[in-house]
């Protein structure tokens, strides 16, 4: 044994201080772990995170006005819309010049479409003028103010110029304001007229229906989870298959099953008529409305509620209930005061999961929801693929994503993402 | 919920049986819509409801004509082949990346573990329509929109959370001294991985892979946006069918898909029990 009195740091086998040697080993370990994760992280970043970020960016990006009408934007900088006066000749000349270039490159229709979202009617003004301005000689054909107004009265409207000025920045809050039924008015954001408000209704409906679905899942799932957790293992496993099979069955299969069953000439209505509950002449309307969406989505999301509740209930010791009863509690008191509070984590986990999934649903509402039972996702899809108003679609998407991420964060705090179990 | 005690009151007895009936009804609600389409798919008529012949169990009322239509119809066949081309590729990509990352994540010291986990699970959380729209714009920009590779990459991204979750769950029960023992006896890390670690976590990897497969095989929103007509998958074809004119062939397709789900579910359950038995847990 060497001297124990030896002072100074403890050394590792290779002569470096032990502390440093350990730190290096730990660093190596961390690096190795990160090296294993890095390929996937990179993959997810490129295939998933970047696309989503790119889309969200579209909700505020607004370079098109600046790019297409550069001279006009510059000339308009000095103009004050509050003055009530039309911009001066310089602005009109700049507009004529910009329009000529844009019409040549056929980009004036794009900017017209963009501005039309904010001020319906602008599109036709631009299209009409673009064709004619192309033939003008910019040096000699002035003054352009009268000539432009002559082509279309729209140019004499202060609102048109105000819209162009308002939306000439690189970034805009316009899409987001639009998504919550507001617009950029003369004095900042203002609420849209009553007849143009649709998006708030849609958001509220999505939330309300998701809540209804979540509650029906709790109501239907609780007894099932209870019976699964309290039956002998063999029987419980057999019954669990009845929960897992829908979970594994294709979403489209389940949706088509509901679409077929809920029809007016479908199996459910046939059975009800046969039993005599419903008159053949007034068969129930179960599909293409809110009810259809709620029934189908409750069925589709129910396993996501049952499984977390079941795993929590499995851990609850049955002797607590017996103890409560032997202390004189009635069945109801024992359940409500002793058993139920212990199942709250399971209910919470299941509810957040079901709500997160329900809020973003697209396929089922699109197929069984008709017009009354569609969700915000359907509107986003409409703006991305049909109307072409990508910015608005992106803004609605950003709002939906914010709601979901907030709930995801809560879920992580309450349950922990590590504890998510499948099947 | 063991048997009712002999001293139970009438009220308790009534509730006991009422409760069972309620549970039975919920189970019925869960399973009936899936079961009911199976006999309907053998309907000899083009109806979506039971014909009187079917109710009489008359063989005349049943036929395989919807199945024949599925196997003879070009658009259904090409849709099926597209699905079978896309799903396995997406599964391979997500299982390869996912397993490596799960092993990295289950090391004892991982910096930013929580944040990394949150990012890797996010494809499961973000609403599909947002993922789909984002991928549509981004993939068009880099020329992947409407290509086979684009759809495979998108589906692989969606399948990764499932692989991560199942494989990390398996790794929780993994005994690290086994890899140390292998290293001690002179095996290099690659040999250790393939000869020692991989066989033990294989059940988790396979069930993760099955989840990834079914995710891609069932997926319709992303493929609607990222794919073009050349990548029309089975769910896409079903979606169109349901949306435009609904033909009873869909019932046959649905039945086939239910059969596939039952097979996958059985495999996953078997693997789960096997791995629990191996780890010495009681097979619950």
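Couple of notes before you dig in:
- Residue B:132, sole failed condition from (1) within 7 Å of chain A (Cβ to nearest Cβ); (2) within 23 Å of the chain's Cα centre (by Cα); (3) crowded, with 24+ Cβ neighbours inside 10 Å; (4) closer than 18 Å to residue A:51 by Cβ: (1)
- Failed condition for residue A:203, given (1) farther than 18 Å from residue A:291 by Cα; (2) in the same structural domain as residue A:340 (by TED's automatic domain parsing); (3) modelled with pLDDT under 90: (1)
- Candidates B:248, B:235, B:189, filtered to the one that is within 12 Å of chain A (Cβ to nearest Cβ), over 17 Å from the mean Cα position of the chain (by Cα) and closer than 26 Å to residue B:166 by Cα: B:189
- Index of the failed condition, residue A:178 passing every other in (1) in the same structural domain as residue A:70 (by TED's automatic domain parsing); (2) surrounded by 14 or more Cβ atoms within 10 Å (Cβ to Cβ): (1)
- Against the test of being surrounded by fewer than 16 Cβ atoms within 10 Å (Cβ to Cβ) and either assigned by TED's automatic domain parsing to the domain that holds residue A:396 or in contact with a helix residue (DSSP H, G or I) (Cβ under 9 Å, 6 or more places away or on another chain) (or both), the options A:246, A:232 yield a single qualifying residue, A:232.
So that you can scan it fast, the table gives a plain yes or no per residue for (1) within 34 Å of the chain's Cα centre (by Cα); (2) at the interface with chain A (Cβ under 10 Å from one of its Cβ atoms):
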{"site": "B:15", "(1), (2)": "no, yes"}
{"site": "B:28", "(1), (2)": "yes, yes"}
{"site": "B:32", "(1), (2)": "yes, yes"}
{"site": "B:35", "(1), (2)": "yes, yes"}
{"site": "B:47", "(1), (2)": "yes, yes"}
{"site": "B:50", "(1), (2)": "yes, yes"}
{"site": "B:58", "(1), (2)": "no, no"}
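- From the list B:195, B:277, B:273, the lone residue that is part of a helix (DSSP H, G or I), more than 11 Å from chain A (Cβ to nearest Cβ) and farther than 23 Å from residue B:92 by Cβ is B:277.
- In the set (1) under 25 Å from residue A:140 (Cβ atoms); (2) within 12 Å of another protein chain (Cβ to nearest Cβ), the condition left unmet by residue A:58 is number (1).
- When residue A:146 is tested against (1) surrounded by fewer than 20 Cβ atoms within 10 Å (Cβ to Cβ); (2) in the same structural domain as residue A:361 (by TED's automatic domain parsing), only condition (2) is not met.
- Residues that are more than 19 Å from the chain's Cα centre (by Cα) and either assigned to a helix (DSSP H, G or I) or more than 7 Å from chain A (Cβ to nearest Cβ) (or both), drawn from the range B:79-107: B:100, B:101, B:102, B:103, B:104, B:105, B:106
- Tally, over the range B:47-60, of residues that are surrounded by 16 or more Cβ atoms within 10 Å (Cβ to Cβ) and either touching a residue at least 40 places away in the same chain (Cβ under 8 Å) or out of contact with any strand residue (DSSP E or B) (no Cβ under 7 Å at 6 or more places or on another chain) (or both): 3
- Taken over the range A:57-71, the residue count meeting the criterion of being crowded, with 19+ Cβ neighbours inside 10 Å, modelled with pLDDT of 85 or more and part of a helix (DSSP H, G or I) is 1.
- In the range A:315-354, the residues that are surrounded by fewer than 15 Cβ atoms within 10 Å (Cβ to Cβ) and touching a residue at least 40 places away in the same chain (Cβ under 8 Å): A:318
- Residue match in the range A:198-217 (condition: farther than 30 Å from residue B:213 by Cβ, more than 31 Å from the chain's Cα centre (by Cα), within 11 Å of another protein chain (Cβ to nearest Cβ) and in a helix (DSSP H, G or I)): no
- Residue B:242 being in a helix (DSSP H, G or I) and in contact (Cβ under 8 Å) with a residue 12 or more places away in the chain: no
- Hits in the range B:66-78 (condition: more than 23 Å from the chain's Cα centre (by Cα) and surrounded by fewer than 18 Cβ atoms within 10 Å (Cβ to Cβ)): B:67, B:68, B:69, B:71, B:72, B:73, B:74, B:75
The values are calculated or read from the model by the stated rules, or taken from the named source; none is laboratory data. Bear in mind that the values here come from a model prediction, so they are computed numbers and not experimental data. Reconstructed Cβ throughout: ideal geometry from the backbone, glycine too, with neighbour counts over all protein chains shown.
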